[in-house]
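*Asks:* Here it is, the structure in full.
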Amino acid sequence: MARELKLMKGNEAIAQAMIASGTDGYFGYPITPQSEVMETLMAEKPWETTGMVVLQAESEVSSINMVYGGAATGKKVATSSSSPGISLMQEGLTYLAGAEIPCVIVNVMRGGPGLGTIQPSQSDYFQSVKGGGHGDYQLYTLAPASVQEMYDFVFDAWDIAFKYRNPVLILSDGAIGQCMEKLYTRDYIPRWTEEERRQHAPWGTFGKPASRGHNIITSLELESARQEVFNLKLQAKYAEMKEKEVRFETINCEDADYIFVAYGSSSRIAMKAMQMAREKGIKVGLFRLITLFPFPTKQLAEVAKRVKGILCVEMSAGQMIEDVRLATECNVKTEHFGRFGGIIPTPTEVLEALENKIIK
Amino acid sequence: MTEEIIIAGFGGQGVLSMGKILAYSGVMQNKEVSWMPSYGPEMRGGTANVSVIISDERISSPIINQFDTAIILNQQSLDKFEASVKPGGLLIYDPNGITHEPTRKDINIYKIAATAKAQELGISKVFNMVVLGGFLKLKPIVDKQYIHEGLEHSLPQRHWNLIPQNEEAIEIGKGLIEAVQTI
């Protein structure tokens, strides 16, 4: 594995990145539109090359708990699924956050609620950044908007997960998962040796030497005073992420009268609508969220000061818009446009929504 | 240069693989590309389509609703996508199974009897390459040598012996395409 130019699907890119980033284990259960992740891993047989374990569990409940068990030993363990499967994982996710276990979860979103549809959607924003499971926890949430980012963000996710001892969610959708684009692969990062694993994850359960006490992995603390201290520690960690790990991209925002705010595949559609608007002489910019948690609150507020209106574009009934309005403290006219249930909005529709809901 | 293409037809006609070979050829020529398939219920219903974009610049949306070129291989797809061709754009169709001809007056329309020709020559497996040849005759957006490299990357190595046959089919397609309406 070295730097090479390839053409592949977003889902394949996730699988290739898992292998190349030295992931130790993947546990998953097939579901459209992300089944190519495990298909690719099974076809590549990394257990014969890097030693990575790939296992199909009997359900998503099982796969997330396999992640819990494997990752508790300080190994790099990942899973992927799509919306209904991610719902099944919510209990596991809050336990992982509560036990401070680094791991990577990929959600290739489809339309809901319930089993919904297998077409792309972005209606899991609330679930991803405002809980999903119970308790005061956060998942560091990355929203790739291209096949290259599907690949690169797996590497970034491991860095963040181990730096903060926190689960990282890569929130994608069926459009980016199924789309093929150019991709530059990276050099293989070897899986950690036993020695390296002990350095990166000194808290892991890999056998107790006489020289130290027990490493205990749990999210249970019956002493409320201690549980509050633990919660404060988590909050301090999330505050540090908000301070240091916010990611976003601005395009044409400098002279913009209006901006789109979007993430993932919607940001690509919004970019096209932005180009169409500029051809018509309307000065439109794009503020693309890369991290959904931490949300780029300050940075968006700064850009929003200079514009007359914001159109949030999301394949949902309007979830991200709540955080946009909080960031701008409702000082700018802000509206939502989206299609849902698996329908992808067209650039033409997005531009029309800007003209009708914001400019008019 | 940006060329936005929809290729649509029945599942099994090689619609997705034609798009993939075109996209890979674009990659080999150092273009920006995207390949966005229909998947799921649409595919399972028997029709398949793929949007391919080949550009000199960063591609904004891989999901588009207006096309420079529509390559149409069955009636359902013609009904669905004829209206999506940009004014002044190009519509290529295979007349096999077409009962209602395209009616737009503001686009260039070409037909390519690839199904019939491929059957006649006994090369039905590379029917899609005949169609691709017709398209490349009208819009030579990728060079011959890169098509060869695109084929190498799209096909597993055990099928590389079929590459000459694919390339011949492309040449046949170039001679087969005929104008119905030019504006």
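Laboratory data are not the source of any read-out in this text; all were calculated from the coordinates shown. Bear in mind the structure is a predicted one, so any value in this text is a computation, not a measurement. Please note: Cβ atoms are built from the backbone with ideal geometry, for glycine as well, and neighbour counts cover all protein chains shown.
*Asks:* The stretch B:2-181: Rg/Rh from Cα coordinates, Kirkwood Rh?
*Replies:* Details: Rg = 15.0 Å, Rh = 16.1 Å.
Reported Rg/Rh, Kirkwood definition of Rh: 0.93.
*Asks:* Please report the orientation-averaged projected area of the stretch B:1-42, defined via the convex hull of its C-alpha atoms, in nm².
*Replies:* The orientation-averaged projected area of the Cα hull of the stretch B:1-42 comes to 3.2 nm².
*Asks:* Based only on other Cβ atoms within 10 Å, what is the fewest-to-most ordering of B:S34, B:S154, A:S172, B:S55?
*Replies:* B:S55, B:S154, B:S34, A:S172
*Asks:* Still on this structure, please answer the following. Taking 23 Å as the cut-off for C-alpha to C-alpha distance, list the pairs among A:K182/A:K280; A:K242/A:K333; A:K308/A:K360; A:K208/A:K242; A:K305/A:K360 that go past it.
*Replies:* A:K182/A:K280; A:K242/A:K333; A:K208/A:K242
*Asks:* What residue among A:V77, A:V108, A:V53 shows peak mean-square fluctuation when chain A is described by a Gaussian network model with Cα springs under 10 Å?
*Replies:* Looking only at A:V77, A:V108, A:V53, the largest GNM fluctuation is found for A:V53.
*Asks:* Still on this structure, please answer the following. Assuming 0.36 nm per residue, please report the length gained on full extension of the stretch A:E249 to A:I343 beyond their Cα-Cα distance.
*Replies:* Details: separation 94, 0.36 × 94 = 33.84 nm, distance 2.52 nm.
Result for the pair: 31.3 nm of gain on full extension.
*Asks:* While we're looking at this one, here's another question. Return the calculated 222 nm mean residue ellipticity for chain B, to the nearest 500 deg cm²/dmol, obtained by summing -39500 (n - 2.57) across DSSP H runs with n ≥ 4 and dividing by the residue count.
*Replies:* Roughly -11000 deg cm²/dmol at 222 nm, from the helical runs in chain B.
*Asks:* Please express the shape of the protein assembly as shown as an equivalent ellipsoid: the semi-axes are the square roots of 5 times the eigenvalues of the C-alpha gyration tensor, given largest first in whole angstrom.
*Replies:* In descending order, the three semi-axes are 44, 29, 18 Å.
*Asks:* What do you get for the angle between helix A:60-71 and the principal long axis of chain A? Use alpha-carbon atoms, 0 to 90 degrees, nearest ten.
*Replies:* That works out to roughly 60 degrees.
*Asks:* May I have the extent of the alpha carbons of the stretch A:5-195 along their three principal axes, as whole Å values ordered from largest to smallest?
*Replies:* Cα spread of the stretch A:5-195 along its principal axes, largest to smallest: 38, 37, 29 Å.
*Asks:* Calculate the dipole size of chain A relative to its Cα centre from +1 charges on Lys and Arg beta carbons and -1 charges on Asp and Glu beta carbons; express the result in debye to the nearest 20.
*Replies:* Values: 38 positive and 43 negative charges, 111 e Å.
About 540 debye.
*Asks:* Taking only the alpha carbons of the stretch A:248-359, what extent do you get along each of the three principal axes, in Å, biggest first?
*Replies:* If we take the Cα atoms of the stretch A:248-359, the spans are 33, 30, 22 Å.
*Asks:* Can you list the equivalent-ellipsoid semi-axes of the stretch A:51-121, largest first and in whole Å, using the square root of 5 times each Cα gyration tensor eigenvalue?
*Replies:* They are 23, 13, 10 Å, listed from largest to smallest.
*Asks:* Exposure proxy check: A:M42, A:M274, A:M89, A:M18 ranked by fewest other beta carbons within 10 Å?
*Replies:* A:M42, A:M89, A:M274, A:M18
*Asks:* Tell me what chain A gives for mean residue ellipticity at 222 nm when only DSSP H runs of n ≥ 4 count, each as -39,500 (n - 2.57), the sum divided by the residue total, rounded to 500 deg cm²/dmol.
*Replies:* Mean residue ellipticity at 222 nm (helix-derived): -11500 deg cm²/dmol.
*Asks:* Using the charge dipole of the protein assembly as shown (Lys, Arg: +1 at Cβ; Asp, Glu: -1 at Cβ; taken about the Cα centre), state which of A:F260, A:T94, B:M129 has its Cα farthest towards the positive end.
*Replies:* Result: A:F260, furthest along the dipole toward the positive end.
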